[in-house]
Amino acid sequence: MSNKFISLCLLIGWARINMFSTKVEVCMANILPIEKQATVIGALAEGSSIRSVERMTGIHRDTIMRLGVRVGEACRQYMDSTMRDLACERVQVDEIWGFIGKKQAHVTKQDDPTKGDVYTFIALDADTKLIPSFVVGKRDSYHANMFLEDLAARLANRVQISSDAFNAYAKAVEAGFGSEVDYGQIVKTFVCSELSPGRYSPPDIFTAKKSVVIGDPEARDISTSFVEVHNRTMRMHNRRLTRLTNAFSKKLDNFKASVALYLAYYNFVKSHGTIRCTPAMAAGVTKGFMSVTDLVKLAA
């Protein structure tokens, strides 16, 4: 028996084994009990990393990743269809920072354009705590316009919007709402203090100046406090946004899916401590609590 014949047999055998293992892995992902899927999605939505979920459940991290992306995309589509004709009155907008692959300072010209800093634009209703709109992208005019136009399409009445002094917001609000909006900005000045090793808390606020940009907003309601508090909650529930860790997304699509998964969990599943129900219930979007299993079933 020649060496070439033996090598060919070994090659064919390896190919069959590889094909079989691939089929088994796909089948395992497809027949994973819905209870197991709910356990995985619930852990991800509560801020566990993919590898920690793998250790807790015994499910391979690749399967966890695929499940998270699939359910996250289904959550995005569900929120897109249900967040319509909302009666929000006071909306606060802000952005939360993250990064894909590497931080912006380490990005080179040869890198994929999706690498580096990425921002999630968030709109939060100050009364119901609902998040009706979000956009993931760069912190620029293009994505700010996309964000405000999307928000405008979801609201049923005139609204008051508050933001910080990010330059792109003024034109974006005007492009999205025209003159049918009351819009104000708040600019915070912080106390100058020396940076010392181990100091991670922000400096104290020295002044907070409010200004009217469009329409006639109520001065007392020009604030970004609620959305800034939510940003902290979001970092606690989304491992890819947790500061000072090695958890981050390598692909933009995975990052978007994780954001959508968290926001669906926040809007429809998790009871808010202030309003004692979900934001979706407070806003009249749903009549009762959804479960993590319901989120999994969206992707069925």
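The values are calculated or read from the model by the stated rules, or taken from the named source; none is laboratory data. Please read these numbers as outputs of a predicted model, since none were measured by experiment. Reconstructed Cβ throughout: ideal geometry from the backbone, glycine too, with neighbour counts over all protein chains shown. Please note that ligands, DNA and RNA were not included when accessible areas were found on the heavy atoms of the full protein model with its side chains. Shrake-Rupley method; radii C 1.70, N 1.55, O 1.52, S 1.80 Å.
Look at where the Cα atoms of region 226-263 and of region 103-141 average out, and the two centres are 10 Å apart. Evaluated with a Cβ-only charge set (Lys, Arg +1; Asp, Glu -1), region 45-170 carries a dipole of roughly 440 debye about its Cα centre, given to the nearest 20.
Taking amide H atoms as placed 1.01 Å from N in the peptide plane, the amide H of SER249 lies under 5 Å from those of PHE99, GLY101, each 5 or more residues away in sequence or on another chain.
Averaged over all directions, how much area does the convex hull of the C-alpha atoms of region 36-103 cover when projected, in nm²?
6.6
Taken about its Cα centre, region 78-130 carries a charge dipole of roughly 320 debye when the Cβ of each Lys and Arg holds +1 and the Cβ of each Asp and Glu holds -1. When the solvent-accessible area of region 61-153 is split by element, carbon and sulfur atoms take up 49 percent of it, the probe being 1.4 Å. Length gained on full extension, SER179 to ASP127: 16.4 nm, using 0.36 nm per residue less the C-alpha separation.
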